[in-house]
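A.B. asks: Pasting a structure here, questions to come.
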Amino acid sequence: MLDLARLRALHAVSVHGTVGAAATALGYTPSAISQQIAKLERETRTTLLERQGRGVALTEEARHLAATAQELMAIVERAETELEERRGLPAGRLTIAAFASAARGLLPGVLADLAHRHPALDARMSEIDPHLSIDLVAKGAVDMAVVHDWDIAPLPTPPGVEQAVIGDDYCDLVVPAGHWLAGRGAVRREELKGERWITQPPGLVCHEWLVRTLREAGCEPDIAHTAEENPTLVALVAAGLGIALIPRLGRGPIPDGAVTVRLDPLPVRRLYALWRAGASRRPAIAETVRTLRGHWSDAAPTKPDAAPATPDDATAIADAAPATQAS
């Protein structure tokens, strides 16, 4: 009989692409994942991984077995959901993928709160970009994802994945203290022609939004520096190397040498929680969504002259936004 834990390890490698990434997602060491797959190879008398450069690739037999493993994991998930639903209390392991600023500015309090109130629930988080985490939810590699989209760049969700709105995050223009825009109350996008920009690398959501927004305003962005972490972007701005558009969630304090300026209209991104439709009845999912919404009132940046659109943290999943594409 095939061992489910070993099948889970193989499925994780097929989804994440490497043994190391699979180990991170499952909370094990790479050597432990390699051992699980080696045992599975002996059980099946089949070669499952082949060397490919510095990494590994799944054989054809391994890809078929990984697809079967995904079906088995879905069956196990349904069984666990039914048991948890009968007990009526959040329990078991819940894996959450979250984008960087949510992982820094929102999830620490949420995870600590869940651990305190629900000791039978083992919630574990991995920092993953939204473009990747949505697919991981759909494939069953993680139970939930905290993602975001932008007002002009909606992030579509695949069939079988449901969502609930967490809240809205606002973004500011961050410029050097001596910059000609530093004293302005608000700046129109059309005024940003010729500026040197500091932003996240290509392929990430914030980078794509910036390029698309400026081009629609008639500005071809001159991107001088890229970095993944928002504090790094702010530090580069403070050094006088360019300007940046940075969300408020998880941004941290603005250092000496940099100031924020409002961009008009104010850019906004919306945060969502995503999970598979089959897990909707699971108490752990419902409680985590409620906790995310509850903590958003503490972490949510305030929009100037208006209150942020924060959902009622007592609203149940049944009252949340329907499982449609993000907008």
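A.B. asks: Has region 166-184 got at least one residue that is basic (Lys, Arg) and outside any loop (DSSP other than H, G, I, E, B)?
C.D. replies: No.
A.B. asks: Is it the case, given these coordinates, that ILE128 is of a type in the set (Val, Ile, Thr), open to solvent by 10 Å² or more (accessible area, probe 1.4 Å), in contact (Cβ under 8 Å) with a residue 24 or more places away in the chain and under 27 Å from LEU263 (Cβ atoms)?
C.D. replies: Judged against the criteria, ILE128 is not a match.
A.B. asks: A follow-up question, please. So, of the residues in region 36-51 that are within 29 Å of the chain's Cα centre (by Cα) and open to solvent by 30 Å² or more (accessible area, probe 1.4 Å), which turns out to be farthest from LEU7 (Cα to Cα)?
C.D. replies: Filtering region 36-51 for residues that are within 29 Å of the chain's Cα centre (by Cα) and open to solvent by 30 Å² or more (accessible area, probe 1.4 Å), the one farthest from LEU7 (Cα to Cα) comes out as LEU49.
A.B. asks: Here are PRO158, PRO247, PRO221, PRO154: which of them is within 18 Å of the chain's Cα centre (by Cα) and without any contact (Cβ under 8 Å) to a residue 40 or more places away in the chain?
C.D. replies: One residue alone meets the criteria, PRO158.
A.B. asks: Let me ask something else about it. Sort out which residues of region 231-257 are open to solvent by less than 10 Å² (accessible area, probe 1.4 Å) and not in a loop (DSSP other than H, G, I, E, B), and write them in order of number.
C.D. replies: The answer is LEU233, VAL234, VAL237, ILE243, ALA244, ILE246, PRO247.
A.B. asks: Report the residue count in region 208-230 for those that are part of a helix (DSSP H, G or I), surrounded by fewer than 18 Cβ atoms within 10 Å (Cβ to Cβ) and either touching a Pro at 6+ places or on another chain (Cβ under 6 Å) or not charged (D, E, K, R) (or both).
C.D. replies: Within region 208-230, residues that are part of a helix (DSSP H, G or I), surrounded by fewer than 18 Cβ atoms within 10 Å (Cβ to Cβ) and either touching a Pro at 6+ places or on another chain (Cβ under 6 Å) or not charged (D, E, K, R) (or both) number 1.
A.B. asks: Related question: Filter region 158-176 for residues that are within 24 Å of THR24 (Cβ to Cβ) and open to solvent by 20 Å² or more (accessible area, probe 1.4 Å) and give the result.
C.D. replies: PRO158, the sole residue that qualifies.
A.B. asks: Then there's this: Considering only residues that are among the small types (Gly, Ala, Ser) and open to solvent by 30 Å² or more (accessible area, probe 1.4 Å), look in region 258-279 and name the one that is modelled with the highest pLDDT.
C.D. replies: Step by step, filter region 258-279, then rank; the result is ALA277.
A.B. asks: In the set LEU94, LEU83, LEU155, LEU132, which member is farther than 24 Å from GLY203 by Cβ and not in a strand (DSSP E or B)?
C.D. replies: The unique qualifying residue is LEU83.
A.B. asks: Of all residues in region 153-178, how many are in contact with a helix residue (DSSP H, G or I) (Cβ under 9 Å, 6 or more places away or on another chain) and closer than 16 Å to ILE246 by Cβ?
C.D. replies: Within region 153-178, residues that are in contact with a helix residue (DSSP H, G or I) (Cβ under 9 Å, 6 or more places away or on another chain) and closer than 16 Å to ILE246 by Cβ number 7.
A.B. asks: Next question, about the same structure. Does region 183-199 contain at least one residue that is among the small types (Gly, Ala, Ser), in contact with a strand residue (DSSP E or B) (Cβ under 9 Å, 6 or more places away or on another chain) and open to solvent by less than 60 Å² (accessible area, probe 1.4 Å)?
C.D. replies: yes
The values are calculated or read from the model by the stated rules, or taken from the named source; none is laboratory data. None of these values were measured; they are calculated from a predicted model. Don't worry about glycine lacking a Cβ; one is built from the backbone with ideal geometry, like all the others, and counts go over all protein chains shown. When the accessible area is computed, the model is the full protein with side chains, heavy atoms only, and any ligands, DNA or RNA have been set aside. Shrake-Rupley method; radii C 1.70, N 1.55, O 1.52, S 1.80 Å.
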